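Novice: The structure follows.
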Amino acid sequence: MNRSDYIEKLGQILRNRSKFKLLNKNPTVTQQYRYIKPVGSIPARLYGLTKVHKTNVPLRPIVSCIQSYNYRLGKFLVNIVKSIRNSTYSLKNSDAFIRCLKENSSLSIHKMISFNVESLFTNIPVNRTINIIYEKLYWADLILNPIIPEYATKWTHFLYNGNYYDQCDGVSIGTSLAAIFAEVFMANFEEQYISPLLTNGSK
C-alpha cells in the first residue's frame, strides 16, 4: 500500500465524527508536562518521628518523597482529587470544630464521643480508595488513566538503612497523595456508616 492510500484509508476512519473529534491544538499543557516529568529523581527516604504521648514511645513512619520519581505526579493528582472529594462530616480545623460546638444549641441533651483510627495512613486500603476516586470521577465526567494513581502510590519505593522497600498497601505520611487518600477513604466510610445512623437512629 502506498502512502497516499494509507493516509486516505485512515482519514476515512477519522472522519467518522461520532467516534473521533478533530482538535485544533495539542491538549497537553506544556507547563503541566514539564512539571510532572521526573528529572534527576532520587529514592524516597524513610524516617520515624517519636509519638512521645503514647505508651512505649512508638514511631510514626514518614517517607520523604521530595525528588522521588512520582512525587510531582502525585501533587498533580491531588488537585484533581480535591475537585471531586465530598467531606460531609469533616471540618477544616480545630477552630471550625470549636465554632461548631458553640453554635450547636442541643449539646446539653447529647454526649460527645471521640474515635481514633489506629495507624490511619498505613491502614488506608489503596485499591479500594482508587476505586472510590474513579467512581467519583465518573459521576463528575472526568477521565483519568487507571494506571496513574497506582503509579503515584503503589509503586513508591524508599530507602532505609541501606535497603530498598515497597509499601504493599496503605500510604505513608510524606507521600504526595497520603492526606487526600486518607480523606477520601474516611469520607466514604462516614457516608456509609454515619448517614444511616442519622437517618434511622442507632440500634
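Each value in this text was obtained by applying a stated rule to the coordinates, not by laboratory testing. It should be emphasised that the depicted structure is a prediction, and the values quoted were computed from it without experimental measurement. We place every Cβ from the backbone using ideal geometry, glycine too, and count neighbours over all the protein chains shown.
Novice: Taking K and R as +1 and D and E as -1, what net charge do the other residues with C-beta under 12 Å from the C-beta of Val78 add up to?
Specialist: +3
Novice: Now for a different question. Could you point to the residue in Asn161, Pro58, Leu177 farthest towards the positive end of the range 29-197's charge dipole, with +1 and -1 charges on the Cβ of Lys/Arg and Asp/Glu respectively?
Specialist: With unit charges placed on the Cβ atoms, the residue in question is Asn161.
Novice: Another question, then. Longer than 25 Å from Cα to Cα, which of Lys82/Lys102; Lys75/Lys154; Lys92/Lys136; Lys82/Lys154; Lys9/Lys37 are they? Say none if no pair is.
Specialist: Beyond 25 Å: Lys82/Lys102; Lys9/Lys37.
Novice: Treating the beta-carbon of each Lys and Arg as +1 and of each Asp and Glu as -1, no other charges, what is the dipole magnitude of the chain about its Cα centre, to the nearest 20 debye? Before the final figure, lay out the partial values.
Specialist: Numbers: 25 positive and 13 negative charges, 116 e Å.
I would put it at about 560 debye.
Novice: Right, something else. For the pair Leu101/Ile42, report the inter-label distance in nm, with labels modelled 7 Å from Cα in the Cβ direction.
Specialist: Distance between label points: 4.3 nm.
Novice: Now a separate question. I want to make sure I understand the PRE zone here: with the label point 7 angstrom from the Cα of Gln67 toward its beta carbon, which residues in the range 135-171 have backbone N atoms less than 17 Å away?
Specialist: Label zone hits: 157-162.
Novice: If you take every residue apart from Ser68 with its C-beta less than 13 Å away from the C-beta of Ser68, what net charge results, scoring Lys and Arg +1 and Asp and Glu -1?
Specialist: Around Ser68, the charge tally is +2.
Novice: Return a whole-number percent for the relative contact order of the chain, with Cα pairs under 8 Å and 6 or more residues apart as the contact set.
Specialist: Once normalised by length, the contact order is 25 percent.
Novice: Per DSSP helix of 4 or more residues, -39500 (n - 2.57); summed, then divided by the residues of the chain. What does that give at 222 nm, rounded to the nearest 500?
Specialist: Taking each H run of at least 4 residues, the total per residue is -13000 deg cm²/dmol.
Novice: On a 0 to 90° scale, report how tilted helix 178-200 is relative to the longest principal axis of the chain, with both axes built from alpha carbons and the result rounded to the nearest 10.
Specialist: So the inclination is approximately 60 degrees.
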